[in-house]
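*Asks:* Handing you a structure now.
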Amino acid sequence: MKIRKAVLADASGIAKVHVDSWRSTYTGIVPDEYLQNLSYESREMMWKKGIPNGHIFIAENEEGEVVGFACGGQERSGEYGNFHGELYAIYILKEYQGRGLGKKLVAPVVRQLLGKHITNMLVLVLEENKSCLFYEALGARKLDSVEVEIGGKTLKEAVYGWDDLKSSFGTIMN
C-alpha cells in the first residue's frame with residue numbers, strides 16, 4: 001500500500017471510498033434512505049473543493065486505486081478549548097480494513113498537525129460505529145458524547161481525544 005497526499009485527480013476515488021464506506025459501515029445505524037441517496041458525483045465535487053485547501057492523504061493499492069483516505073486540521077467546533085487538532089475523517093474500503101492501513105493513514109495527519117505545533121487532536125465518531133475500538137486502541141480517551149442528526153435520525157457521536165500526539169503516535173510516525 002502506498003500512502004500519499006491527495007491531488008485533484010484523486011477526487012473520484014476518494015468519493016467512491018467515502019460513499020462505499022458510509023454504506024458498509026453505517027447500514028443499520030444511519031437511515032437506509034440517507035445512505036441510498038449518497039452519490040459519487042456530489043462527493044466528488046465536495047472533494048474537488050477540499051483537496052486544494054486541505055490535508056487529505058490517500059492509500060492506494062498495487063493497481064493505483066484509492067482504497068482509503070484520511071484528513072485533518074485545526075479543530076472546528078471550538079467546544080474543546082484544550083484541543084487544537086482534529087482528525088476530520090478516515091475511511092477505508094471494507095475489504096482493506098484490519099490490515100493496519102488506518103494507522104498508516106493517521107500518521108501523515110498527525111505529522112502535519114505536529115508541523116503546525118498542534119500537539120493534541122480530537123475525532124468524532126458515531127457511538128454505534130465499531131471503529132470506536134480503533135481510536136481507543138490508538139490511545140484516544142472518550143471526552144464527551146454529543147447528539148447529531150443524520151437523515152432525520154438523532155444519533156450519538158463520541159468525542160475522543162489524544163492529549164499528546166507525540167507520545168500517542170511516536171511508534172507509527174517512523
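*Asks:* What translational diffusion coefficient, to the nearest whole µm²/s, does region 89-149 have by Stokes-Einstein, given a Kirkwood radius computed over alpha-carbon pairs, a temperature of 37 °C and 0.692 mPa s viscosity?
*Replies:* Approximately 250 µm²/s, per Stokes-Einstein.
*Asks:* Something else about it: How much solvent-accessible surface does Arg43 expose, in Å² to the nearest 10, with a 1.4 Å probe and all protein chains in place?
*Replies:* Here the residue's solvent-accessible area equals roughly 40 Å².
*Asks:* Still on this model: Using only alpha-carbon positions, what ratio does the radius of gyration of region 31-114 give when scaled by 2.2 N^0.38 Å? Before the final figure, lay out each step's value.
*Replies:* Working: Rg = 14.4 Å, N = 84, 2.2 N^0.38 = 11.8 Å.
Against the compact-globule rule of thumb, the ratio is 1.22.
*Asks:* For Glu60, what charge total do you get from the other residues with a beta carbon under 13 Å from its beta carbon, if Lys and Arg give +1 and Asp and Glu give -1? If you can, show how the numbers build up before the last one.
*Replies:* Details: positive: Lys2, Arg4, Lys5, Lys16, Lys104; negative: Asp10, Glu62, Glu63, Glu65.
So the environment of Glu60 carries a net charge of +1.
*Asks:* A further question follows. Determine the calculated [θ] at 222 nm for the chain from helices alone, applying -39500 (n - 2.57) to every DSSP H run no shorter than 4 residues and normalising by the residue count; nearest 500 deg cm²/dmol.
*Replies:* Values: 6 runs with 59 residues, N = 174.
Estimated from H runs of four or more residues: -10000 deg cm²/dmol.
*Asks:* So for region 71-174, considering every pair of alpha-carbon atoms, how many percent are separated by more than 24 Å? Walk me through the intermediate numbers first.
*Replies:* Numbers: 1087 of 5356 pairs.
Here the long-distance tail beyond 24 Å is 20 percent of all Cα pairs in region 71-174.
*Asks:* Further, regarding this structure: How long are the semi-axes of the ellipsoid equivalent to the chain, from square roots of 5 times the Cα gyration tensor eigenvalues, in whole Å, largest first? Mind showing how you got there, number by number?
*Replies:* Details: eigenvalues 106, 87, 47 Å².
Square roots of five times the eigenvalues give 23, 21, 15 Å.
*Asks:* Please build a GNM for the chain, connecting alpha carbons under 10 Å apart, and tell me which residue among Gly85, Gly64, Gly161 fluctuates the most.
*Replies:* In this elastic network of the chain, the residue with the biggest mean-square fluctuation among Gly85, Gly64, Gly161 is Gly64.
*Asks:* Within region 56-130, list the GluC sites (Glu not before Pro) lying in a DSSP loop whose Cβ has at most 12 other Cβ atoms in a 10 Å radius.
*Replies:* Numbers: sites: Glu60, Glu62, Glu63, Glu65, Glu75, Glu79, Glu86, Glu95, Glu127, Glu128; in loops: Glu62, Glu63, Glu65, Glu75, Glu79, Glu127, Glu128.
Here the sparse-neighbourhood loop sites are Glu62, Glu63, Glu79.
*Asks:* Work out from phi, with θ = phi - 60° and the Karplus expression 6.51 cos²θ - 1.76 cosθ + 1.60, the ³J(HN,Hα) of each residue of region 50-56, listed in order in whole Hz, and give x for Gly and Pro.
*Replies:* With the stated coefficients, region 50-56 comes to x, 4, x, 9, x, 10, 10 Hz.
*Asks:* From the phi angles alone, apply the Karplus equation (6.51, -1.76, 1.60; θ = phi - 60°) to region 12-21 and give each ³J(HN,Hα) in whole Hz, x where the residue is Gly or Pro.
*Replies:* 5, x, 5, 4, 5, 4, 4, 5, 5, 5
*Asks:* Just grab the label-to-label distance for Glu147 and Gln74, each label 7 Å out from Cα along the Cβ direction, in nm (one decimal).
*Replies:* It is 3.0 nm.
*Asks:* Of the accessible area of region 20-173, with the probe set at 1.4 angstrom, what percent is carbon plus sulfur?
*Replies:* Values: 3850 of 8050 Å².
Carbon-and-sulfur percentage of accessible area, whole number: 48.
*Asks:* Return a whole-number percent for the relative contact order of the chain, with Cα pairs under 8 Å and 6 or more residues apart as the contact set. Numbers along the way, then the final one.
*Replies:* On the way: 298 pairs, mean separation 36.2, N = 174.
With pairs under 8 Å counted, the relative contact order is 21 percent.
*Asks:* Amide H neighbours of Ile150 under 5 Å, counting only residues 5+ apart in sequence or on other chains, H built in-plane at 1.01 Å?
*Replies:* The list, which skips near neighbours in sequence, is Leu155.
*Asks:* Right, another one. Over the chain, give the accessible area per residue in Å² for a 1.4 Å probe, as an integer.
*Replies:* Per-residue value: 52 Å².
*Asks:* Quick one: work out the % antiparallel among DSSP beta bridges in the chain, nearest 5. Kindly include the intermediate steps, with their values, before the conclusion.
*Replies:* Numbers: 32 of 35 bridges.
Within the chain, antiparallel bridges account for around 90 percent of the total.
*Asks:* Just the accessible area for Leu133, please: 1.4 Å probe, Å², rounded to the nearest 10?
*Replies:* Result for Leu133: roughly 120 Å² accessible.
*Asks:* Right, here's the next one. If amide hydrogens are placed 1.01 Å from N in the peptide plane, which non-local residues have theirs closer than 5 Å to the one on Asp144?
*Replies:* Residues meeting the criterion, in which the H sits 1.01 Å from N, are Val159.
*Asks:* Hey, for a label at Val7 modelled as a point 7 Å past Cα toward Cβ, could you say which residues of region 43-71 have their backbone N under 15 Å away?
*Replies:* 51-52, 56-60, 64-66
*Asks:* From the phi angles alone, apply the Karplus equation (6.51, -1.76, 1.60; θ = phi - 60°) to region 119-130 and give each ³J(HN,Hα) in whole Hz, x where the residue is Gly or Pro.
*Replies:* Values per residue, Gly and Pro as x: 10, 9, 7, 10, 8, 10, 9, 4, 4, 7, 7, 5 Hz.
The values are calculated or read from the model by the stated rules, or taken from the named source; none is laboratory data. These figures come from a predicted structure and were not determined experimentally. FYI the Cβ positions are ideal-geometry reconstructions off the backbone, even for glycines, and counts take in every protein chain you see. Note: accessible area is taken over every heavy atom of the protein model, side chains too, but ligands, DNA and RNA are not part of it. Shrake-Rupley method; radii C 1.70, N 1.55, O 1.52, S 1.80 Å.
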